[in-house]
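What follows is a short report on a single structure.
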Amino acid sequence: MKRLLCAALLLSLLGLLSGCGGGQEIEGRLFVIAMAVDPAQDGNLTMTVKALSGTQGTAASQGEEASGDGGSMESTEPGYVTLSATAGSALKALDLLSATTPRSVDLSQLREIVINRTLAETDATLTILREIHALYEANGAAVVVVTPDDAGDFIRRQYALFGVRLSQYLEVLFEHFAELGTIPSGAMLSTVIGAMESGTIDAAAVYAAGNAFDATLVMDGESPTDRLPGHLPRTSPAMNEYLGSAIFSGPRMVGTLTGDETAMLRLISGRALITTLTIDEALYQVSTRSSIRRNLTYEGEQAVLGVQIHIRMSLVGGTQRSTEAELAQRLEQSAQALMLRLQAASCDAVGYGQLAVRQYPDIPSWEQSNWEQTYRQAQVRVTVDVDIQ
Amino acid sequence: MPNMIPETVLFARIRAAYRVRAVSAAVCVGASVFALGAGVGIPLCLNAAYLAALAALPAAGLTALLARRVLVGAGRFARARHALIGLTLLALALFAFAATVSLVHQTLLPLARISFVAQVSFLFAGLCCATGAQGAPRMTFALRGVLPVGLAALSLSTLSFETAAGLFPLLGTGARNLGLSALCMIAAAAPALLIALPPPELKDVPQRERATPGAWFFVWRVMLGAALGVGLLMVLSLCSTYEGLAAQQTWGRRMLIFCQREPHEGLGETILTLLQALSLLLCAIHGLLGAAQAWQAVWPRLGRGALGGCLLVCALLLTALVVAGVGIARRVAPLLGVPVLLFGVLCLGRRKKP
């Protein structure tokens, strides 16, 4: 009897497990690699996506436009297709894309979300990112990029400069710039959403722009990466430049940081991946025994945002032209300037709020504490100690 | 000449059977602590849900202690007690099914129909129950190392240790909600009632009562299971800020261990979610088997029909939940604390003289 029951249950399982579980063919989905969001007329949004087409040749009937609210499809390179749609919200635009292409939009392979700066400076960014992440199950590790250019054009001109897979190209690109420290850590979609929602830390996204290669201005005496992208004196087949950060206060973008300022932000936040430093044409190896400490203290009613940086490094190339004290002073000034800049923009990208919240027993008392004002009025104290071996 | 097993060997076998029972109860307690914490604790006190879940440790330990007394014949109203255990474990099985369906449907199989997920889960459980009352406990015993170590290792590997920001503010939404949540977490001790039922293979062994291990034998295992459940809730707090937890509206998504600061979706996260689902399914299976055994003790004439009856009732109620919304199960689950308290009252009394 027991065997009969087991056999009956197994047979019924066969029926249920044979393809009735909502499985999808790979060719049945539109796998989006990069996505761009731009503001359109009358408060609408234009969503542009670059997706795998699965073909080797270019798509047929280029420039064909759909009627109605403006869905359009283009092809810029073999293997990929660029589509766009305009609607009242990000969700409606994605729904329109799904409705006007013979595939369901799948954001599980998303590598990059590019947002136009005008849009990023409004409160709409958080809603857009939430809708993309929660309702369309977007890849939480996709990098959020802000650009002053048209975001759709930004991803249209993007292609795999090295290799053939745009997804791999973008992954390696962001890893490489993260190692250099010129883009912020924590620029991933889920991290940015978490920081925008949180009252204890603010978000920082990657800042990028296209270069028309018509600028030859070289800033003498300045670090080459102490600039914003878009007008760097270089030429390359790839126009897009990723350098620096877009900083947010809550859901709204409030400013930018150059590449060097971003590297300093990573250092202060304890998220620097750099192992070497070039200062005055001398190359230094940074020791793993270096330490960075942040603390939040109170002198009477006023908060003091403290950073203690202790860097141990050894000279591995070139000639040391500055003493330890001079290097320390220079780093101290840079760190101080950055902290004051973040304070003025009400952007707590370093995360002092995470230290402040520990002093409150529960959420209601923390939310009544008016931390934003305390942060803006706090004193900044940076001490740097450089030890060259 | 009669075939006599030496008493020492017999006692060792009896102890081994009780060890399997204790491990089953521990796994079920851990699973129910986690599911109840994610379903009720997090909406009430957000990041402090793990603190509220600490109340489940003494509750589970005490329930295990009282259940062990019942094993050796203490307490009054034996039939009423078994009926209460039967009803509670059946309700627990339903709760565990609802949790499994929520978790799997909202994380692993978002494109599938919820009814399909419920059917497959129930059939898996049904197959395990059909192997006999010893099959599932032995499977659980075999996984006693892999399951908790796998859960702990994979969940810790998803974390970012840059800051313990997710734990603060420590009291979450406030002391009042924390207290209320702690009261609700008493319901997570319900699986410890399994200990009150002797292992089926020892049903007709006369030396069973003499060889029953001491209370601590069961209590520490059950409390360890509960502690693992609390640990996983703590990991949920570490993965996100309280604002992120508040933004999670669905039960299944709340149970997903996904670190906002270091997102990496892949095989590790899938395996972790599968282990969570397996733990919840094991809780459902043991609930069904325990309920069947308890009802058999109330009405011995039921025989094997008790298991069939429990399966049928559970199937009907699960179907009703799927239609009405599985979220109902998590809202009603704290009521499981009532039979646990009633059981405590029924267990009070003199120990029966042999």
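The values are calculated or read from the model by the stated rules, or taken from the named source; none is laboratory data. Everything numeric here is computed off the predicted structure, so don't read it as measured data. With ideal geometry, Cβ positions are generated from the backbone for all residues, glycine too; neighbour counts draw on all protein chains shown. We work out accessible area using only protein heavy atoms, side chains counted, and drop any ligands, DNA or RNA first. Shrake-Rupley method; radii C 1.70, N 1.55, O 1.52, S 1.80 Å.
Identify the single condition in (1) open to solvent by 40 Å² or more (accessible area, probe 1.4 Å); (2) more than 14 Å from chain A (Cβ to nearest Cβ) that B:Pro110 does not satisfy, given that it satisfies every other one.
The number of the failed condition is (2).
Do we find that A:Ile183 is at pLDDT 90 or above and assigned to a loop (DSSP other than H, G, I, E, B) in this structure?
yes
Assess whether A:Tyr136 counts as being open to solvent by 10 Å² or more (accessible area, probe 1.4 Å), among the aromatic types (Phe, Trp, Tyr) and within 14 Å of chain B (Cβ to nearest Cβ).
When the stated conditions are applied, A:Tyr136 passes them.
Considering each of A:Ala238, A:Ala263 in turn, give the residue that is of a type in the set (Gly, Ala, Ser), farther than 24 Å from A:Gln333 by Cα and more than 14 Å from chain B (Cβ to nearest Cβ).
Criteria check complete, one pass: A:Ala238.
Which of the following residues is part of a helix (DSSP H, G or I) and of a type in the set (S, T, N, Q): B:Gln296, B:Gln249?
Working: B:Gln249 fails: part of a helix (DSSP H, G or I).
Exactly one of B:Gln296, B:Gln249 is part of a helix (DSSP H, G or I) and of a type in the set (S, T, N, Q), namely B:Gln296.
I want to confirm something. Restricting to the range B:59-97 and keeping residues that are charged (D, E, K, R) and in contact with a Cys (Cβ under 8 Å, 6 or more places away or on another chain), which single residue is most open to solvent (accessible area, probe 1.4 Å)? Walk me through how you get there before you give the answer.
We begin by selecting, within the range B:59-97, every residue charged (D, E, K, R); these are B:68-69, B:76, B:79, B:81.
Checking the rest, the ones that are also in contact with a Cys (Cβ under 8 Å, 6 or more places away or on another chain) come to B:69, B:81.
Details: B:Arg69: 80, B:Arg81: 13 Å².
So the residue we want is B:Arg69.
Does B:Thr131 satisfy the condition of being more than 19 Å from the chain's Cα centre (by Cα), surrounded by fewer than 21 Cβ atoms within 10 Å (Cβ to Cβ), closer than 30 Å to B:Glu243 by Cβ and of a type in the set (Val, Ile, Thr)?
Criteria not met by B:Thr131.
Tell me the helices (runs of 4 or more DSSP H) entirely within the range B:135-205 that contain at least 2 residues that are within 30 Å of B:Phe343 (Cα to Cα) and among the hydrophobic types (A, V, I, L, M, F, W, C).
Here the list reads B:135-142, B:175-184.
For the range A:348-389, give me every one of the helices (runs of 4 or more DSSP H) that falls completely inside it and has 2 or more residues that are facing chain B (nearest Cβ under 9 Å). Walk me through how you get there before you give the answer.
On the way: elements: A:353-356, A:363-367, A:371-377.
Per the criteria, A:353-356, A:363-367.
Every residue, every condition in (1) under 21 Å from B:Ala22 (Cα atoms); (2) modelled with pLDDT of 90 or more; (3) in contact with a Leu (Cβ under 9 Å, 6 or more places away or on another chain), yes or no:
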site	(1), (2), (3)
B:Leu151	yes, yes, yes
B:Leu159	no, no, yes
B:Ala175	no, yes, no
B:Leu180	no, yes, yes
B:Glu201	yes, no, no
B:Pro206	yes, no, no
B:Phe217	yes, yes, no
B:Leu224	yes, yes, no
B:Leu228	yes, yes, yes
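Select from the range A:346-371 the residues that are acidic (Asp, Glu) and in contact (Cβ under 8 Å) with a residue 60 or more places away in the chain and list them in ascending order.
Passing the criteria: A:Asp348, A:Glu367.
Just to check your reading of the model, which residue among A:Gln379, A:Gln359, A:Gln373, A:Gln368 is over 15 Å from A:Ile311 (Cβ atoms), in contact with a Leu (Cβ under 8 Å, 6 or more places away or on another chain), open to solvent by 60 Å² or more (accessible area, probe 1.4 Å) and not basic (Lys, Arg)?
A:Gln379
Per-residue answers, yes or no, for (1) assigned to a loop (DSSP other than H, G, I, E, B); (2) on the phi < 0 side of the Ramachandran plot; (3) surrounded by fewer than 17 Cβ atoms within 10 Å (Cβ to Cβ); (4) free of Cβ contacts under 8 Å to residues at least 24 places away in the same chain:
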| position | (1), (2), (3), (4) |
| --- | --- |
| A:Ala141 | yes, yes, no, no |
| A:Phe174 | no, yes, no, no |
| A:Phe177 | no, yes, no, no |
| A:Ser223 | yes, yes, yes, no |
| A:His231 | yes, yes, yes, yes |
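Could you check A:Leu232 against (1) out of contact with any Ser or Thr (no Cβ under 7 Å at 6 or more places or on another chain); (2) within 14 Å of chain B (Cβ to nearest Cβ); (3) of a type outside the set (Val, Ile, Thr) and say which number it fails?
Condition (2) is where A:Leu232 drops out.
Restricting the search to the range B:268-287, which residues are touching a Phe, Trp or Tyr at 6+ places or on another chain (Cβ under 9 Å) and hydrophobic (A, V, I, L, M, F, W, C)? Step through it out loud before you land on a result.
Step one: filter the range B:268-287 for residues touching a Phe, Trp or Tyr at 6+ places or on another chain (Cβ under 9 Å), giving B:269, B:276, B:279-281, B:283-285, B:287.
Once the filter is applied, which keeps residues that are touching a Phe, Trp or Tyr at 6+ places or on another chain (Cβ under 9 Å) and hydrophobic (A, V, I, L, M, F, W, C), the range B:268-287 yields B:Leu280, B:Leu281, B:Cys283, B:Ala284, B:Ile285.
Can we say B:Thr8 is open to solvent by 60 Å² or more (accessible area, probe 1.4 Å) and polar (S, T, N, Q)? Give the derivation first.
Details: open to solvent by 60 Å² or more (accessible area, probe 1.4 Å): yes; polar (S, T, N, Q): yes.
Here the answer is yes, as B:Thr8 does meet what is asked.
The conditions are (1) surrounded by fewer than 16 Cβ atoms within 10 Å (Cβ to Cβ); (2) more than 14 Å from chain A (Cβ to nearest Cβ), and B:Thr270 fails exactly one of them. Which is it?
(2)
Given the conditions (1) more than 14 Å from chain A (Cβ to nearest Cβ); (2) β-branched (Val, Ile, Thr); (3) open to solvent by 20 Å² or more (accessible area, probe 1.4 Å), which single one is not true for B:Thr173?
Of everything listed in (1) more than 14 Å from chain A (Cβ to nearest Cβ); (2) β-branched (Val, Ile, Thr); (3) open to solvent by 20 Å² or more (accessible area, probe 1.4 Å), B:Thr173 misses just condition (1).
Scan the range A:115-133 residue by residue and report those that are away from chain B (no Cβ under 11 Å), assigned to a helix (DSSP H, G or I) and either farther than 19 Å from A:Leu97 by Cα or open to solvent by 70 Å² or more (accessible area, probe 1.4 Å) (or both).
Residues satisfying the conditions are A:Arg117, A:Thr118, A:Leu119, A:Ala120, A:Ala124, A:Thr125, A:Thr127.
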